[in-house]
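Data first, discussion second: the structure below is written as structure tokens.
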Amino acid sequence: MSSGKSRRPYTIGRTARAVKRYFKQASRSVQEDYLNAMREICTGPYPQDNPRSIAHLKGQHLCNYRYRLGERRILYEIDETQRQIHVIDFGPRGDIY
């Protein structure tokens, strides 16, 4: 796996409908935090890029990676061939695992 820092940044691909719905209902500060986190994920989506916030999930999950955003989590997959991030879920930690 390569770090996204040496090549062009990733873009946002698919975003689950539930994520869009949660985002619309969230407060302005949560929306801003989410957008800042997505910018950071797009510059380096792998755990070695940001080991404090990004982790590779083990076991059977709908996705491969999670980004820790306070009490919320962003779950996503990486499409390395198209250099896209597919957002699977976003919400409070206890609700998305």
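The values are calculated or read from the model by the stated rules, or taken from the named source; none is laboratory data. This one's a predicted model, so the numbers in the text were calculated from it and none came from an experiment. Please note: Cβ atoms are built from the backbone with ideal geometry, for glycine as well, and neighbour counts cover all protein chains shown.
Give the number of residues within the range 62-79 that are in contact (Cβ under 8 Å) with a residue 24 or more places away in the chain, over 19 Å from Glu32 (Cβ atoms) and of a type outside the set (A, V, I, L, M).
Qualifying residue count for the region: 2.
Among the basic types (Lys, Arg), part of a loop (DSSP other than H, G, I, E, B) and in contact (Cβ under 8 Å) with a residue 24 or more places away in the chain: does that describe Arg14?
When the stated conditions are applied, Arg14 does not pass them.
Assess whether Asp95 counts as being among the acidic types (Asp, Glu) and either surrounded by fewer than 15 Cβ atoms within 10 Å (Cβ to Cβ) or modelled with pLDDT under 90 (or both).
Yes; evaluated as a whole, the condition is true for this residue.
Where residues in the range 7-35 are within 13 Å of the chain's Cα centre (by Cα) and of a type in the set (Ser, Thr, Tyr), which of them is nearest to Asp49 (Cα to Cα)?
It comes out as Tyr10.
Do we find a residue being in contact with a strand residue (DSSP E or B) (Cβ under 8 Å, 6 or more places away or on another chain), assigned to a loop (DSSP other than H, G, I, E, B) and surrounded by fewer than 17 Cβ atoms within 10 Å (Cβ to Cβ) anywhere in the range 29-44?
no
Looking at Ile88, Ile74, can you tell me which residue is touching a Leu at 6+ places or on another chain (Cβ under 6 Å), surrounded by 13 or more Cβ atoms within 10 Å (Cβ to Cβ) and under 15 Å from Arg17 (Cα atoms)?
Just one listed residue meets the conditions, Ile88.
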